[in-house]
Amino acid sequence: MKKVIAIIALGITGFAAKAQSPSSTATQTVNLNLSNAIELTFTGSGSATGAAVNLAFNTVNDYANGVTSANQELRVRSNRRFGVTVRTNNANFTYTGSVSPAPVMPVSGVLGLKVGSNSTGGAIASPFSTTAYAGLTSAAQNLLTNANNGGNQLFSVSYEAQPGFTYPAGTYTVDVVYTATQL
């Protein structure tokens, strides 16, 4: 009987020893090294270069009243609050046509911009608004200030050109440059 109890005791001890498996733990630190990031794109093209905006002057009323464009939507993705400025790449339009010497059409007083919509959480900076066109220049002007960070901050703009009857037929070109800057 002592042998049976001893065998049972050894069996239980052996079983208990097998239930306590050895273990080991390893730890690793993961660091997220975030950099400040910002991107400004046109939603229509998905890139930093928007499609050309063609404002056609076909009638006397176009010359008398000006011509406006459809809204052009831009998207900012930024991990910090930001502002947007706008300027033209030149003080004058570049002329392509048959008149020589080439006429000089200044951007100021001819090309205006209006904000169509703004869901960035930022303020529209004066002189720009959602109700009236304000003139563009080759000097950077604040367009949006203190906008919220996020991955889909949208705003749209439209253009109005009023060259009057002063300039001959041809194509007058200028680039409008938007710059988003983190605060």
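Assorted remarks:
- If you wrap the chain in the convex hull of its Cα atoms and look at it from every side, the mean projected area works out to 19.0 nm².
- Crossing angle, helix 2-19 versus the chain [Cα axis fit, 0-90 degrees, rounded to tens]: 10 degrees
- Short-range pairs are left out: with C-alpha atoms under 8 Å and at least six residues apart, the relative contact order of the chain is 29 percent.
- Other residues within the sphere of radius under 14 Å centred on the Cβ of Ser69, judged by their own Cβ, net out at -2 (K and R +1, D and E -1).
- Summed side-chain charge close to Ala180 - residues other than Ala180 whose Cβ falls under 12 Å, Lys, Arg +1, Asp, Glu -1: +3
- Those residues of segment 115-152 whose amide nitrogen sits under 20 Å from the label point placed on Ala37, 7 Å along Cα→Cβ: 147-152
- Relative frequency of Cα-Cα separations exceeding 17 Å in segment 18-71, percent: 72 percent
- Close amide H partners of Asn92, meaning residues 5 or more places away or on another chain with modelled amide H under 5 Å apart, are Val107.
We did not get these values from a lab; they are worked out from the coordinates using the rules stated. These numbers were taken from a predicted model, which means no experiment stands behind them. Don't worry about glycine lacking a Cβ; one is built from the backbone with ideal geometry, like all the others, and counts go over all protein chains shown.
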